[in-house]
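Please read the structure below before turning to the comments.
Computed from the coordinates by the stated procedures, all read-outs in this text should not be read as laboratory data. In this text the structure is predicted, and so the values were computed from the model without any measurement. Positions of Cβ are backbone-derived with ideal geometry, glycine not excepted, and every protein chain shown enters the neighbour counts.
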Amino acid sequence: MKLADLQAQFSKHLLHQSVDLSSLNLTGPLPVEQLMSLYRNNFYVSLTDYLKGCFPSVDALVGEEFFEQLAKAYIIQRPLDNPDIELYGEGFSRFISNLPQTSDLVYLAGIAALDWGFDRAKAVTEIASFPFAELEGLDQQQQLKICFKMSAQTLLLASDYPLLSIWQGVAKDCLEGIDMGCAENLILHPSNTQGALFYLLNSSQYEFLSAISAGARLQQLCEIEDFQQHLNYFIGNAVINGFTTGDER
């Protein structure tokens with residue numbers, strides 16, 4: 001059997017797909033069935049531990065047994081096809097949102113998104129400063145075409161549920177008194193000084209950042225209430241740290 005075929009058969013067995021184990025020609029101190037069972041168990045344990053580390057709030061909310069079931073289902077549905085495990089949890093929130101088993105936990109996918117966003121924001125080692133000098137070099141017509149850019153790994157969420165309150169409540173081990181009927185707009189972004197910052201946004205702030213995320217030009221942004229105040233605030237907090245003009249498109 002060629003190496004590629006052997007690897008494919010090995011992977012199928014790890015993911016609980018039917019494989020003729022005798023064709024693998026594995027040798028060792030134990031029968032091939034036991035060896036493969038050990039390999040598979042270690043495989044799931046390692047990836048589950050990784051997911052627990054990335055999604056501690058989800059783990060705390062659903063409990064160890066249910067989280068391990070979620071992790072196993074995710075691993076089977078999304079096999080690890082890259083030796084770099086760093087981004088393996090990227091689709092976990094979307095996976096949760098599509099599961100019938102979590103349909104009653106309407107906030108859980110959002111909590112997973114916050115866990116993942118926090119993990120990725122902390123991994124940002126340097127945030128570029130806003131290029132004021134480049135901005136000053138543009139003429140008036142060019143400035144009107146500006147599309148501002150938010151810093152990498154910035155997460156912007158609008159939810160019908162109090163996601164940030166739940167997420168912070170899990171961290172403090174105190175979920176009492178949270179109004180589940182309270183909608184929240186929130187942001188989570190990297191910080192040069194604190195690793196990651198997260199806070200609630202009012203409706204105008206959220207509208208402003210959503211427009212930036214959608215690629216709105218400066219002349220469109222000017223129509224949003226408190227535009228200049230928002231721009232100054234989010235540049236000052238390194239949420240907005242760049243721009244493009246129509247010439248780059």
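Here are a few things to note about the model shown:
- Annotation: of all residues in the range 92-133 being acidic (D, E) and under 24 Å from L80 (Cβ atoms), the one that is surrounded by the fewest Cβ atoms within 10 Å (Cβ to Cβ) is D119.
- Within the set D81, D49, the sole residue that is loosely packed, with under 14 Cβ neighbours inside 10 Å, not hydroxyl-bearing (S, T, Y) and not in a helix (DSSP H, G or I) turns out to be D81.
- The listed residue being closer than 24 Å to L209 by Cβ and either of a type in the set (K, R) or out of contact with any helix residue (DSSP H, G or I) (no Cβ under 8 Å at 6 or more places or on another chain) (or both), out of A109, A128: A128
- Of residues in the range 219-242 being among the β-branched types (V, I, T) and closer than 20 Å to Q153 by Cβ, the one nearest to the chain's Cα centre (by Cα): V239
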